[in-house]
Amino acid sequence: MVDINKSLLNNNNFRLLIDKVPTVEYYVQSVNIPSMVFLETVMPSRVGIDAFFPGDKVTFGNLSVTFLVDEDLENYKEMYDWMNAIVPISDSKDYKDYVDTNTLSTGELASINSDLIQYSQITLVTNTNKNLPNKFFKFYDCFPTGLGEIELKSGSDAEAVTCTAEFRFTYFDINTTS
């Protein structure tokens, strides 16, 4: 007989680890486990209905992380710097330095020797009701695709400022150990 755990997953009992931006971990307010859509193949049939078969691709939604911004903006700046290094905002030399690129005499980028440093692994740890690690969602080849706005308001009650970062990834798996 299978023993069924009847305890429910609490939405506030988790930890998020982002290798490339460690300061964000302590300020995470929310994170989603992205959607997963399995595409289908439609085949016409000789009768008046179509036949449906499992497709050959899975599409994942974005990984969205909302975090509190510290007063020195250190965690926001880590995200900003990561994005700036991938797609330089003001100086293309930043990209060359980031990926250790060789440059031709014409100034063109010749090769990227270590482009994997643009990516990071992200691990979402869900805990049991006794606050013990339970499941480890490992997201592979993550990179940021968006860094949300920071809203500041004068004359309002003092509230912590939050920001949302969006990530794309190749795939994720679920384990019971890290």
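For first residues located in segment 134-159 and closer than 27 Å to N175 by Cα and in contact (Cβ under 8 Å) with a residue 60 or more places away in the chain, partners that are in a strand (DSSP E or B) and of a type in the set (S, T, N, Q) and lie 6+ apart or on another chain with Cβ distances below 6 Å form the pairs C142/S120. Scanning segment 31-77 for residues that are closer than 18 Å to K138 by Cα and in a loop (DSSP other than H, G, I, E, B) yields N32, I33, P34, S35, G61, N62. Among the strands (runs of 3 or more DSSP E) confined to segment 105-178, the ones with at least 2 residues that are of a type in the set (V, I, T) and at pLDDT 95 or above are located at 120-127, 162-168.
Here D72 meets each of (1) at pLDDT 80 or above; (2) surrounded by 14 or more Cβ atoms within 10 Å (Cβ to Cβ) with one exception, condition (2). Just the residues that are part of a strand (DSSP E or B) and either of a type in the set (A, V, I, L, M) or without any contact (Cβ under 8 Å) to a residue 60 or more places away in the chain (or both), please, taken from segment 17-30. The answer is L17, I18, V28, S30. Among the conditions (1) free of Cβ contacts under 8 Å to residues at least 60 places away in the same chain; (2) among the small types (G, A, S); (3) closer than 22 Å to E166 by Cβ, the only one that G55 does not satisfy is (3). For beta carbons closer than 6 Å, sequence separation of 6+ or different chains, a first residue in segment 1-16 that is touching a residue at least 60 places away in the same chain (Cβ under 8 Å) and farther than 15 Å from N32 by Cβ and a second that is exposed (fewer than 10 other Cβ atoms within 10 Å of the Cβ) and of a type in the set (D, E), there are no qualifying pairs.
The values are calculated or read from the model by the stated rules, or taken from the named source; none is laboratory data. It should be emphasised that the depicted structure is a prediction, and the values quoted were computed from it without experimental measurement. Positions of Cβ are backbone-derived with ideal geometry, glycine not excepted, and every protein chain shown enters the neighbour counts.
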